[in-house]
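Take a look at the structure set out below.
What follows draws every value from the coordinates through simple rules; no lab data is involved. Source: prediction; values computed, not measured. Neighbour counts run over all protein chains shown; Cβ positions are idealised from the backbone, glycine included.
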């Protein structure tokens, strides 16, 4: 089934794709936005502690489902495991309109100036493909601002002396402080650190036609019951559709990108919501399917001219998969600190993102999102048995008296940490699945250890009578912060897209999601994905108005 | 000895046949053994334990749902627990006193429980599974069959209703009788870490 031609097909309605859809549709282009998942709303907020995107032991509430999706994970021992989405090893990101932004914690970080110049700042790192971005913080700044105002960010980073200059303040004030926030703020100030109200893609006050946060305890991993969390599903995607130029097709699974004999893409083959194969012809294609699914689609789009997949002439598609090596500490306090005010995470420091003696990079540190009992059940410190009367007693006494401080350690990109397509295993639609292999760079664990020590020191200053570390494992990193697999760069020999997110050797194919990140900062990546989407869309619309992508 | 025990145990353990038991997947014997294990993982003290909270109901329900791929693991693991307790104390697990039950579980936890019965599923991996499922059933959402009357949330002094902006149910009939947080807090002393 071949459908009427449109200007653009966008694969994936997440952080990147949603923004591109809106910018293109408002620019007058006809757009089809394909999304493999459903369009959920605030009504679908089930507040189910065991079935959400953070704790998915009984399944991922917003996809993908365990029945139709799988991946292959190659362990450190070379053993292959078929893993399901509800398993952490799948490195899942939500499959729904809004993608991760539908149920995320919604931190809204701008990377720091040095995060775009890691190679220049620190030099080469053995065993890593560490490099500079082909653009600077200043290049991206107007688009960070655009994303902050169009999607909606609350917070106050005035006191963050490490941030790059901003052209406009955040549109919304921070939420009032929780008890934990006040304790940590005073402690950080005593330590001469620079605490501030961390920025969140969350309404603290009515904004954009939606109300403010009601501060419930079901936040990260859940749909927002009052629609106060700002994702692409409740901002740019409705605006894209309102133009009349954008058609959103949900439950449509992309199979391959179709190319012609001139080496240009001509559309996307996909399975629709009833499992029928359809082809959507287009003047150009934008892939925004996440750092795992984007390379999978490019690699699955082999043809005579592109025998190893699209954009993969130099074998860089799927390389450098990275997420964050989360590291931090837990502290037990003398009095109750839990006050049942979501979203929990509220205070941060950037004192340890850079300039750590002898180390490359670092991490932002902040307090953890509000904790549900099921989360606390696996956190007992050394010395407390993980089952039996003593464990129960620990739970009862300390659930209300524990503060966690942690941060996403910036990872060193590793060439062999990668996404391939599996030669044997296919999903329910018969499409070869993603095959994940590789491991973290050893340096990440050294930095993680250092950051964990800093978190513990902050907690001790805050009055913790006991602290214990939270440290990452050695294994492959990706997860909800997945990035890096279609690197942006000026040289086609060691990158996949140029600084406009255009695939080097296919002029009418773009990648707009976390895949293009050269490095992933010591921060949650959502706002950077959004800023890059704003920047890339502007270029696409301008190019379209000039050459119609035919040049 | 162990092999005999497995055979004896396996007889009534034909599961998921929709018999007249209250369980969806487990046999009566399996459910009793599992409940005894869970109750050692989260024992009753001043607050109810895993058995009262319905952790077995939670696990049994999931074994016909998201955990259906773990049915065999549970069958083998529960038979293995039976066999190990028979080998250690000459009695089925449910007939042991709490100290003996803990000794059996510790031998599984440390991977010391061996024998034919643990060839397909190791004692350690089975015990780890039951620990995590017990935590889920006790501390997770009551909608899945465990955490009866939100017993663990009350133990942790988590206020109900959980959603701000909705009126508390003043006519709550909970048997455990939730007290408001302030009085609950003052009733607890903070001497554990001394």
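Does region A:233-377 come out rounded, prolate or oblate by the C-alpha gyration tensor, with a ≥ b ≥ c the root eigenvalues, rounded set by a/c under 1.5 and, if not, prolate when a/b is larger than b/c and oblate if not? Each step should come with its number before you reach the end.
Details: a/c = 2.93, a/b = 1.80, b/c = 1.63.
Because a/c hits 1.5 or more and a/b exceeds b/c, region A:233-377 counts as prolate.
Between 0 and 90 degrees, rounded to the nearest ten: what's the tilt of helix A:179-190 against the longest Cα principal axis of chain A?
Long axis of A:179-190 versus the principal axis of chain A: about 80 degrees.
Using a 10 Å cut-off on Cβ to Cβ distances, tally the other chain neighbours for every residue of A:389-397 and report the average as a whole number. If you can, show how the numbers build up before the last one.
Values: counts 9, 0, 5, 11, 4, 1, 8, 9, 7.
Average neighbour count from other chains, rounded to a whole number: 6.
Just from its helices, what would the mean residue ellipticity at 222 nm be for chain A, if runs of 4 or more DSSP H residues each count -39500 (n - 2.57) and the sum is divided by every residue, rounded to the nearest 500 deg cm²/dmol?
Values: 10 runs with 111 residues, N = 551.
It lands at -6000 deg cm²/dmol.
Give the order of A:180, A:80, B:35 when sorted by the count of other beta carbons within 10 angstrom, beginning with the fewest. Intermediate results must be reported in sequence, preceding the final value.
Working: A:180 25, A:80 14, B:35 20.
Least to most surrounded, the residues fall as A:80, B:35, A:180.
Which order results if A:352, B:67 are arranged by neighbouring Cβ count within 10 Å, fewest first? Don't skip to the answer; put the middle values down first.
Working: A:352 25, B:67 21.
Lowest count first: B:67, A:352.
Out of all DSSP beta bridges in the protein assembly as shown, what portion is antiparallel? Express it as a percent rounded to 5.
On the way: 47 of 69 bridges.
Taking every DSSP beta bridge with both residues in the protein assembly as shown, the antiparallel ones total about 70 percent.
Please give the average number of partner chain Cβ atoms lying within 10 Å of the Cβ of each residue in A:36-45, rounded to a whole number.
Details: counts 0, 0, 0, 0, 0, 0, 0, 0, 0, 1.
Partner-chain Cβ atoms within 10 Å, mean over residues of A:36-45: 0.
How long is the gain from residue A:132 to residue A:167 if the chain were fully straight, where each residue apart is worth 0.36 nm and the alpha carbon distance is subtracted? Write down the numbers at each step before the final one.
Details: separation 35, 0.36 × 35 = 12.60 nm, distance 2.34 nm.
Contour length minus Cα-Cα distance gives 10.3 nm.
Please compute the contact order of region A:482-546 in relative form: average sequence separation of alpha-carbon pairs under 8 Å and at least six residues apart, divided by the residue count, as a percent. Walk me through the numbers before you get to the answer.
On the way: 86 pairs, mean separation 19.2, N = 65.
Worked out over region A:482-546, it gives 30 percent.
At R0 = 22 Å, how high is the FRET efficiency between residue B:112 and residue B:132 if r is their beta carbon distance? Nearest 0.05 is fine.
Working: r = 20 Å, r/R0 = 0.92.
Given R0 = 22 Å and the Cβ-Cβ separation, E is 0.60.
With a ≥ b ≥ c taken as the square roots of the eigenvalues of the C-alpha gyration tensor of region A:377-452, please select rounded if a/c is under 1.5 and otherwise prolate if a/b is larger than b/c or oblate if it is not? Each step should come with its number before you reach the end.
Numbers: a/c = 3.53, a/b = 1.72, b/c = 2.05.
Oblate, because a/c is 1.5 or more while a/b does not exceed b/c.
What's the ranking of A:189-201, A:396-408, A:37-49 by average number of surrounding C-beta atoms within 10 Å, highest first?
Details: A:189-201: 20.1, A:396-408: 23.7, A:37-49: 17.3.
Packing proxy ranking, top to bottom: A:396-408, A:189-201, A:37-49.
Could you tell me which of rounded, prolate or oblate describes region A:157-224, using a ≥ b ≥ c as the square roots of the eigenvalues of the alpha-carbon gyration tensor, with rounded for a/c under 1.5 and, failing that, prolate when a/b is larger than b/c and oblate otherwise?
Verdict is oblate for region A:157-224.
Can you pull the one-decimal nm distance between simple spin-label points at residue B:89 and residue B:24, each 7 Å off the Cα toward Cβ?
With each label placed 7 Å out from Cα toward Cβ, I get 3.1 nm.
Between residue A:189 and residue A:336, what FRET efficiency comes out of the Förster formula 1/(1 + (r/R0)^6) with R0 = 30 Å and r the beta carbon distance, rounded to 0.05?
On the way: r = 22 Å, r/R0 = 0.74.
It comes to 0.85.
How tilted is helix A:389-398 with respect to the longest principal axis of chain A? Cα atoms for both, answer in degrees (0 to 90, nearest 10).
Helix A:389-398 and the main axis of chain A meet at about 90 degrees.
Roughly what angle does helix A:15-26 make with the longest principal axis of chain A, taking Cα atoms, 0 to 90 degrees, to the nearest 10?
So the inclination is approximately 50 degrees.
Just to verify a number: FRET efficiency for residue B:100 and residue A:139, C-beta to C-beta distance, R0 = 56 Å, to 0.05? Walk me through the numbers on the way to the answer.
Values: r = 69 Å, r/R0 = 1.23.
Here the calculated transfer efficiency is 0.20.
Please give the Cα centre distance for region A:264-324 versus region A:140-167, rounded to the nearest Å.
Cα centroid to Cα centroid, the span is 32 Å.
Measure off 7 Å from each Cα along the Cα-to-Cβ vector at residue A:149 and residue A:315, then give the distance between these two points in nanometres to one decimal.
4.7
What does the extension gain come out to for residue A:76 and residue A:120, with contour length at 0.36 nm per residue minus their alpha carbon separation?
Values: separation 44, 0.36 × 44 = 15.84 nm, distance 3.14 nm.
Going from the current span to full extension adds 12.7 nm.
Using label points projected 7 Å from each Cα along Cα→Cβ, tell me how many nm separate residue B:44 and residue A:158, to one decimal.
Each label point lies 7 Å from its Cα, and together they span 5.7 nm.
May I ask you to derive the relative contact order of chain A, considering only C-alpha pairs under 8 Å and at least 6 residues apart, and to give it as an integer percent?
Working: 1445 pairs, mean separation 123.6, N = 551.
Rounded, it is 22 percent for chain A.
For region A:474-551 and region B:40-71, compute the distance between their C-alpha centroids and round to whole Å.
47
Using a 10 Å cut-off around each Cβ of peptide B:134-146, what is the average number of partner chain Cβ atoms that fall inside? Let's see the in-between values first.
Details: counts 2, 10, 7, 1, 5, 11, 11, 13, 1, 6, 6, 0, 1.
The per-residue average across the peptide is 6.
Quick check for you: which residues of region A:236-268 have the amide N under 16 Å from the point 7 Å beyond the Cα of residue A:276 toward its beta carbon?
Under cut-off, by backbone N: A:249-253.
Between residue A:415 and residue A:262, what is 0.36 nm times their sequence separation minus the Cα-Cα distance? Round to one decimal in nm.
52.0 nm is the gain from fully extending residue A:415 to residue A:262.
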